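*Asks:* Once you've had a glance at the structure underneath, I'll fire off some questions.
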Amino acid sequence: MAEPIVTEDDIREALMDVIDPELGFNIVDLGLIYGVTVEDGKVHIVMTMTTPGCPATNYLQEGTRERALAVPGVKEVDVQVVWSPPWTPDLMSDRAKRFFGLIEG
């Protein structure tokens, strides 16, 4: 039986289950995921936190890794936390911005 083909969209969809414990919203809509690459079942995720020194850094990094590993066809996951460019609320999806009252609608 052939291995499932994993896409960036599959990983991003799975990562919507990872909730920032302080903000109560998923890390994808918060704009914390800067990039996802997938090659032969190996996933590389570049992410950030809302602030340097965020107390949830390890929790979110590990949750991201575990959730991506749970996607069928994923063999290996590397999660890299970066601080540049710094996160700003502008990176949030419109859904998250509405949730936090930054836009109407």
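Each reported figure results from applying straightforward, stated rules to the coordinates on display, with no laboratory input. Keep in mind that what you see is a predicted model, and the values were worked out from it rather than measured. Methodologically, a virtual Cβ is constructed for each residue, glycine included, from the backbone with ideal geometry; neighbour enumeration extends over all protein chains shown.
*Asks:* Please report, in debye to the nearest 20, how large the charge dipole of the chain is about its Cα centre when each Lys and Arg carries +1 at its beta carbon and each Asp and Glu carries -1 there. Before the final figure, lay out each step's value.
*Replies:* Details: 8 positive and 18 negative charges, 45 e Å.
So the magnitude is around 220 debye.
*Asks:* Under 8 Å for C-alpha pairs, at least 6 residues apart: give me the relative contact order for the stretch 25-105, rounded to a whole percent.
*Replies:* Here the relative contact order equals 36 percent.
*Asks:* Just want the answer: with Cβ charges of +1 for Lys and Arg and -1 for Asp and Glu, which residue in 91, 64, 53 is farthest toward the dipole's positive end in the chain?
*Replies:* 53
*Asks:* Considering only DSSP beta bridges where both residues belong to the chain, give the percentage that are antiparallel (nearest 5).
*Replies:* On the way: 8 of 14 bridges.
Counting only bridges with both partners in the chain, antiparallel ones make up about 55 percent.
*Asks:* May I ask you to order 87-99, 23-35 by the average number of other C-beta atoms within 10 Å around their residues, highest value first? If you can, show how the numbers build up before the last one.
*Replies:* On the way: 87-99: 14.8, 23-35: 19.0.
Most protected by this proxy first, the peptides run 23-35, 87-99.
*Asks:* So if each residue of separation counts as 0.36 nm, and I subtract the Cα-Cα distance between residue 62 and residue 5, what length gain in nm does that give?
*Replies:* Net length gain for the segment: 18.2 nm.
*Asks:* If the chain between residue 103 and residue 75 were fully stretched, how many nm would it gain, using 0.36 nm times the residue separation less the Cα-Cα distance?
*Replies:* Here the answer is 6.2 nm.
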